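The values are calculated or read from the model by the stated rules, or taken from the named source; none is laboratory data. It should be emphasised that the depicted structure is a prediction, and the values quoted were computed from it without experimental measurement. Because the Cβ atoms are built from the backbone with ideal geometry, glycine has one as well, and the counts that use them run over all protein chains shown. For the accessible areas, the whole protein counts, side chains as well, though only heavy atoms, and no ligand, DNA or RNA atoms are used. Shrake-Rupley method; radii C 1.70, N 1.55, O 1.52, S 1.80 Å.
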Amino acid sequence: MITDKELKDKWFKFFESHGFKRIDSYSIVPENDPTVLFTTAGMHPLVPYLMGAKHPAGDKICDIQRCIRTNDIESVGDESHLTAFEMLGNWFLGECDKEKMIKYSYEFLTSPEYLGINKSRLAVSVFAGDETAPKDELAYNTWKKCGIDQVFYLNKEHNWWALGGGVGPCGPDTEMFYDTGKPKCCENCSPACDCGKYLEIWNDVFMQYKVEKVGEPAKLLARPNIDTGMGLERTVVVLNGLKSVYDAGIFKEVIDFINSKAEVKYDESETAKRSYRIITDHLRSSMFVLGDVKGVVPSNVGQGYILRRFIRRAVNHARNIKFDVKYFSDIIDLYVDKHGEDYKDIAQNRQLIKDELAKEVEKFSKALEEGHKEFEKVISGIEKHKQFASMKGEVVENIISGKAVFRLYDTFGFPFELTKELAQERGYAVDEEGYKKAFEEHQEKSRTASAGVFKGGLADSSYESTKLHTATHLIMAGLRKMFGPQVMQKGSNITPERLRIDFNLDHKMLPEEISELERFVNDAIAKEIDVTCDEMSVAEAKNSGAVGVFESKYGDVVKVYSIGDISKEICGGPHAKNTRDLHHLKIVKEESSSSGIRRIKAILD
Ligand code: SER
């Protein structure tokens with residue numbers, strides 16, 4: 001049995017002995033790549049170097065990179081799919097000596113000092129050639145010279161590598177497979193047919209080309225490279241002849257741990273098994289994201305939304321197997337013990353990972369039972385409707401309306417994908433278009449509700465956003481007290497996670513000024529002041545000293561929100577009832593927004 005640790009150690013020993021320099025894993029959030037949310041391959045963070053920039057560690061490097069791929073998230077729960085994985089890689093930058101790399105690959109795979117695979121158990125594929133690039137005869141012949149019998153020419157679909165977006169460095173590759181020894185599935189059985197005879201373990205990409213713009217043909221790279229990648233978890237499974245990734249290493253440990261605590265046992269049913277695996281996978285991915293140096297937290301957009309989906313889906317599957325979510329934190333400990341060694345940020349962020357996870361779990365757990373009840377109501381509503389309809393000879397389809405799906409999201413925090421999954425389990429579909437429409441309508445409504453003084457403002461009227469909205473009034477009051485009544489709000493944008501407010505000020509705020517402002521707001525919070533609302537005419541509002549833009553577009557009657565005698569603003573609302581609800585404000589950034597306008601970002605913690 002070879003462990004993942006042994007495989008990693010062998011990898012580095014081999015490549016370091018051949019003059020490759022080991023570099024640290026990059027963040028799981030890619031730098032300057034708006035096309036994807038997460039780092040999807042070992043070569044991903046190295047794209048600038050593959051395109052010609054000089055790498056500080058030299059032109060021969062090796063590493064282990066944490067990656068996340070969510071395109072197969074629905075398949076997690078089977079034997080092999082994972083959303084997070086580690087990829088072993090090595091690179092030649094500015095050099096593309098195929099013979100050398102293939103010989104290295106052969107040596108690492110077959111030498112008894114390394115993987116010791118019998119060469120009769122190896123199969124490889126090489127690029128068959130087309131209008132973009134010629135047949136890779138050099139790769140073919142090199143493998144043959146090494147003594148590999150099973151060398152297959154395959155087409156672009158199988159033996160060409162490019163990044164997801166199709167733009168960037170690319171080229172033909174040679175893939176290495178472990179031949180399980182199963183009989184051929186047909187006369188033309190090859191690694192292309194996915195019958196399970198050949199299992200991929202390694203990929204050497206010869207990056208001789210680049211695509212500059214979508215749709216443009218590939219051009220030769222001035223400085224070609226070699227990029228190789230070996231999926232760690234997958235290779236461990238293959239080399240050990242296991243059936244599933246969940247049967248080895250840390251995954252097995254976590255499954256055993258859950259099995260010791262949950263009421264429904266792992267082997268009880270396929271459904272239970274799936275839930276165990278989803279929890280195991282999603283908590284590991286959550287750990288990679290939360291513990292990352294870039295510090296992503298759950299939210300409704302981007303990486304934060306994927307993280308939220310991981311966590312909420314894990315909570316829901318814990319419910320399926322009657323596994324108490326309080327043990328999530330022990331699972332995080334198992335993962336941090338395991339991965340902290342390779343990823344220092346993860347080791348350092350152990351507590352933060354657990355705290356952020358617990359917060360999100362708590363937030364969702366509260367609504368989970370209610371949400372399930374609501375879901376059941378929706379289903380039984382449709383069932384009743386179906387009965388009536390069938391009496392009239394009509395047919396009603398098993399589709400949950402977009403409105404109902406949106407309500408589950410908005411009120412109970414069920415991410416769209418979760419409702420879809422629950423629906424599928426019951427033989428129902430969801431109306432995705434209708435959901436999107438309901439979502440947009442809701443956004444539109446809250447935009448109008450908060451239009452007015454509150455320029456831009458509140459993206460939604462959730463409890464979290466409402467509190468942040470009240471915090472912006474306190475911030476404005478503080479700024480005006482500190483710098484004078486000429487300071488006005490110039491814009492604002494609030495999400496349930498944070499507030500952003502722009503205002504005019506002639507200088508960058510000093511650290512002491514930021515602390516003073518924070519103190520001002522937190523003192524007001526501590527005083528537990530009621531937030532009150534009065535309706536009056538614009539003239540009355542003006543006379544009462546309320547702050548705001550006095551334009552007729554607000555109509556004759558306006559709302560004036562007051563926070564004791566600290567703040568009085570014309571505003572559409574909504575607001576918190578009492579400042580105590582805000583708990584505590586933290587300013588996370590003060591920066592320039594445009595000339596003469598400063599911007600503050602703050603959170604409530
Ligand atoms: N980029 C290639 C892959 O992901 C090799 O690293 O397979």
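Which numbered condition in (1) among the β-branched types (Val, Ile, Thr); (2) within 13 Å of the ligand (Cβ to nearest atom); (3) farther than 24 Å from LEU220 by Cβ; (4) surrounded by fewer than 21 Cβ atoms within 10 Å (Cβ to Cβ) is the only one that THR39 fails?
If we test THR39 against (1) among the β-branched types (Val, Ile, Thr); (2) within 13 Å of the ligand (Cβ to nearest atom); (3) farther than 24 Å from LEU220 by Cβ; (4) surrounded by fewer than 21 Cβ atoms within 10 Å (Cβ to Cβ), just (4) comes out false.
Looking at GLY168, GLY215, GLY196, GLY249 in this structure, which one is surrounded by fewer than 17 Cβ atoms within 10 Å (Cβ to Cβ), within 28 Å of the chain's Cα centre (by Cα) and small (Gly, Ala, Ser)?
Of the residues listed, the single one that is surrounded by fewer than 17 Cβ atoms within 10 Å (Cβ to Cβ), within 28 Å of the chain's Cα centre (by Cα) and small (Gly, Ala, Ser) is GLY215.
Taking region 185-222, which residues are in contact with a helix residue (DSSP H, G or I) (Cβ under 9 Å, 6 or more places away or on another chain) and over 30 Å from HIS81 (Cβ atoms)?
Passing the criteria: LYS210, LEU221.
What are the pairs with Cβ atoms under 8 angstrom where one residue, in region 472-496, is more than 30 Å from THR411 (Cβ to Cβ) and touching a residue at least 60 places away in the same chain (Cβ under 8 Å) and the other, located anywhere, is open to solvent by 30 Å² or more (accessible area, probe 1.4 Å) and hydroxyl-bearing (Ser, Thr, Tyr)? Sequence gap at least six, or different chains.
Correct list of pairs: LYS490/SER593.
Quick one: which residue in PHE310, PHE323 is buried (at least 16 other Cβ atoms within 10 Å of the Cβ), touching a residue at least 24 places away in the same chain (Cβ under 8 Å), of a type in the set (Phe, Trp, Tyr) and part of a helix (DSSP H, G or I)?
Only one candidate passes the filter, namely PHE310.
Residues of region 62-100 being outside any helix (DSSP H, G or I), polar (S, T, N, Q) and within 22 Å of the chain's Cα centre (by Cα), which ones?
Answer for region 62-100, where residues must be outside any helix (DSSP H, G or I), polar (S, T, N, Q) and within 22 Å of the chain's Cα centre (by Cα): GLN65, THR70, ASN71, SER80, THR83.
Would you tally the residues in region 41-64 being touching a helix residue (DSSP H, G or I) at 6+ places or on another chain (Cβ under 7 Å) and not aliphatic (A, V, I, L, M)?
Adding up the residues that qualify gives 2.
Kindly establish whether THR35 is part of a loop (DSSP other than H, G, I, E, B), within 23 Å of ILE346 (Cα to Cα) and not aromatic (Phe, Trp, Tyr).
Considered against the rule, which asks whether it is part of a loop (DSSP other than H, G, I, E, B), within 23 Å of ILE346 (Cα to Cα) and not aromatic (Phe, Trp, Tyr), THR35 comes out as no.
Across region 219-250, which residue is nearest to PRO45 (Cα to Cα) among those that are within 16 Å of the ligand (Cβ to nearest atom) and assigned to a helix (DSSP H, G or I)?
If we take residues in region 219-250 being within 16 Å of the ligand (Cβ to nearest atom) and assigned to a helix (DSSP H, G or I), then LEU232 is nearest to PRO45 (Cα to Cα).
Could you please let me know if LEU138 is open to solvent by 20 Å² or more (accessible area, probe 1.4 Å), of a type in the set (A, V, I, L, M) and away from the ligand (no atom under 16 Å from the Cβ)?
Values: open to solvent by 20 Å² or more (accessible area, probe 1.4 Å): yes; of a type in the set (A, V, I, L, M): yes; away from the ligand (no atom under 16 Å from the Cβ): yes.
For LEU138, the condition - open to solvent by 20 Å² or more (accessible area, probe 1.4 Å), of a type in the set (A, V, I, L, M) and away from the ligand (no atom under 16 Å from the Cβ) - is met.
Any residue in region 68-92 that is modelled with pLDDT under 95 sitting within a Cβ distance under 9 Å of a residue that is in a strand (DSSP E or B) and not aromatic (Phe, Trp, Tyr)? List the pairs, counting only those 6 or more apart or interchain.
Pairs that qualify, where the first residue is modelled with pLDDT under 95 and the partner is in a strand (DSSP E or B) and not aromatic (Phe, Trp, Tyr), are ARG69/ALA84.
Those residues that are more than 17 Å from VAL47 (Cβ to Cβ), open to solvent by 10 Å² or more (accessible area, probe 1.4 Å) and within 12 Å of the ligand (Cβ to nearest atom), I need them from region 64-96; list them, please.
Listed by number, the list holds a single entry, PHE85.
All but one of (1) in contact (Cβ under 8 Å) with a residue 40 or more places away in the chain; (2) open to solvent by 70 Å² or more (accessible area, probe 1.4 Å); (3) not in a helix (DSSP H, G or I) hold for ASP342, so report the exception by its number.
Going through the list (1) in contact (Cβ under 8 Å) with a residue 40 or more places away in the chain; (2) open to solvent by 70 Å² or more (accessible area, probe 1.4 Å); (3) not in a helix (DSSP H, G or I), ASP342 breaks only (2).
Given the condition of a type in the set (Ser, Thr, Tyr) and either touching a residue at least 60 places away in the same chain (Cβ under 8 Å) or open to solvent by 70 Å² or more (accessible area, probe 1.4 Å) (or both), answer yes or no: does some residue in region 423-436 qualify?
No, there is no match, as no residue in region 423-436 is of a type in the set (Ser, Thr, Tyr) and either touching a residue at least 60 places away in the same chain (Cβ under 8 Å) or open to solvent by 70 Å² or more (accessible area, probe 1.4 Å) (or both).
Just one of the numbered conditions (1) at pLDDT 90 or above; (2) under 40 Å from the mean Cα position of the chain (by Cα); (3) under 16 Å from PRO485 (Cα atoms) is not true of GLU513; which one?
(3)
Tell me the residue from LEU122, LEU109 that is within 16 Å of the ligand (Cβ to nearest atom) and either in contact with an Asp or Glu (Cβ under 9 Å, 6 or more places away or on another chain) or at pLDDT 95 or above (or both), please.
On the way: LEU122 fails: within 16 Å of the ligand (Cβ to nearest atom).
Answer to the selection: LEU109.
Please go through region 9-35 and pick out each residue that is more than 10 Å from ASP63 (Cβ to Cβ) and surrounded by fewer than 17 Cβ atoms within 10 Å (Cβ to Cβ).
Passing the criteria: ASP9, LYS13, GLU16, SER17, HIS18, GLY19, GLU31, ASN32, PRO34, THR35.
Listed residues TRP161, TRP202; which is aromatic (Phe, Trp, Tyr), open to solvent by 50 Å² or more (accessible area, probe 1.4 Å), within 14 Å of the ligand (Cβ to nearest atom) and in contact (Cβ under 8 Å) with a residue 12 or more places away in the chain?
Only one candidate passes the filter, namely TRP161.
Read through the list (1) closer than 22 Å to GLY94 by Cβ; (2) within 16 Å of the ligand (Cβ to nearest atom); (3) more than 15 Å from the chain's Cα centre (by Cα), then give the number of the only condition that ALA53 fails.
That leaves (2) as the condition not met.
Run down LYS156, LYS144, LYS135 and say which single residue is basic (Lys, Arg) and in contact (Cβ under 8 Å) with a residue 24 or more places away in the chain.
Residue meeting the stated conditions: LYS156.
Cβ-Cβ below 7 Å, separation at least six or inter-chain, first residue in region 26-51 and closer than 25 Å to MET287 by Cβ, second open to solvent by less than 10 Å² (accessible area, probe 1.4 Å) and more than 14 Å from the ligand (Cβ to nearest atom): which pairs?
SER27/ASP292; ILE28/PHE288; ILE28/VAL289; ILE28/ASP292; VAL29/ASP292; PHE38/ILE28; THR39/ILE28
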